[in-house]
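The block underneath contains the structure these notes are about, expressed in structure tokens.
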Amino acid sequence: MNPPPAEAEKPGGVSGAARAGRAPVRPKVHVEASVSYCVRTCDGRYFPAPSGDAQSTTHGCKSLCPATETKVFYGSSIDGASSKDGRPYSALANAFRYRKELVAGCTCNGKDVVGLASVKPDEDKTLRRGDIVARETGLAVVKRVDEGVSFAKASAATRSKYERLPVLASE
């Protein structure tokens with residue numbers, strides 16, 4: 001005979017399902033993948049944040065957008081993203097403002113409202129070992145980042161795979 005529901009699970013006890021040789025049923029938990037976003041507070045424009053812990057992500061956002069204040073938001077999309085203190089992106093005074101107007105003086109690079117700051121590869125704090133960088137001398141692979149960034153010429157296989165990519169942006 002099964003115990004009444006109130007006695008089915010007692011602290012330190014065994015559930016009725018376990019006594020019957022069945023595994024207890026556990027609720028399914030859906031976990032969404034979280035993406036980090038750098039957000040300009042002056043107009044709400046956002047872009048993918050460099051990966052890393054919270055401190056390096058914040059620093060990476062500031063490196064990519066040094067001319068204005070940025071905040072980091074996390075979520076599967078910007079619509080549902082929140083800051084680390086739980087405040088939703090949509091609660092920002094300027095959330096999605098960039099969709100309606102260009103805000104004078106709201107710039108990442110100090111020149112125009114749409115461009116990010118130019119970061120020299122030797123000073124890029126977002127680079128990780130194994131990243132591929134296009135340099136004046138050709139493609140290079142990041143070897144070390146702990147004591148300063150160092151590069152090695154990309155292998156022939158890597159060069160042949162990536163050398164014909166279209167140019168999406170240039171100065």
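The values are calculated or read from the model by the stated rules, or taken from the named source; none is laboratory data. Every value quoted in this text rests on a predicted model; they were computed, and no experiment measured them. All Cβ positions, glycine included, derive from the backbone under ideal geometry; neighbour counts span all protein chains shown. The area values use the complete protein model at the heavy-atom level, side chains included, leaving out ligands, DNA and RNA. Shrake-Rupley method; radii C 1.70, N 1.55, O 1.52, S 1.80 Å.
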Flag for residue 44 being modelled with pLDDT of 90 or more and either among the aliphatic types (A, V, I, L, M) or part of a loop (DSSP other than H, G, I, E, B) (or both): yes
Residue 127 being open to solvent by 90 Å² or more (accessible area, probe 1.4 Å), in a loop (DSSP other than H, G, I, E, B) and not hydroxyl-bearing (Ser, Thr, Tyr): no
All positions within the range 34-60 that are of a type in the set (Gly, Ala, Ser) and either out of contact with any helix residue (DSSP H, G or I) (no Cβ under 9 Å at 6 or more places or on another chain) or buried (at least 17 other Cβ atoms within 10 Å of the Cβ) (or both): 34, 36, 44, 49, 54, 56, 60
Of all residues making up the range 154-167, the number that are at pLDDT 85 or above and assigned to a loop (DSSP other than H, G, I, E, B): 2
Condition broken by residue 73, with the remaining ones in (1) in contact with a Pro (Cβ under 9 Å, 6 or more places away or on another chain); (2) crowded, with 18+ Cβ neighbours inside 10 Å; (3) touching a residue at least 40 places away in the same chain (Cβ under 8 Å) satisfied: (3)
Qualifying residues in the range 106-117 (those that are open to solvent by less than 90 Å² (accessible area, probe 1.4 Å) and at pLDDT below 90) - the one nearest to residue 43 (Cα to Cα): 113
Subset of the range 68-105 [of a type in the set (Val, Ile, Thr) and under 13 Å from residue 47 (Cα atoms)]: 70, 72, 78
Residue in the range 138-153 that is nearest to residue 65 (Cα to Cα), counting only those that are of a type outside the set (Gly, Ala, Ser) and modelled with pLDDT of 85 or more: 142
Hits in the range 92-105 (condition: open to solvent by 50 Å² or more (accessible area, probe 1.4 Å) and not in a loop (DSSP other than H, G, I, E, B)): 97, 99
Selection within the range 76-91 - open to solvent by less than 50 Å² (accessible area, probe 1.4 Å), touching a strand residue (DSSP E or B) at 6+ places or on another chain (Cβ under 7 Å) and assigned to a loop (DSSP other than H, G, I, E, B): 81, 83
Selection within the range 87-130 - acidic (Asp, Glu) and out of contact with any Gly (no Cβ under 8 Å at 6 or more places or on another chain): 101, 112, 123, 124
Qualifying residue in the range 61-70 (condition: open to solvent by 90 Å² or more (accessible area, probe 1.4 Å), farther than 30 Å from residue 141 by Cβ, at pLDDT 90 or above and not polar (S, T, N, Q)): yes
Residue list for the range 130-143, filter: surrounded by 12 or more Cβ atoms within 10 Å (Cβ to Cβ), outside any loop (DSSP other than H, G, I, E, B) and out of contact with any Phe, Trp or Tyr (no Cβ under 8 Å at 6 or more places or on another chain): 134
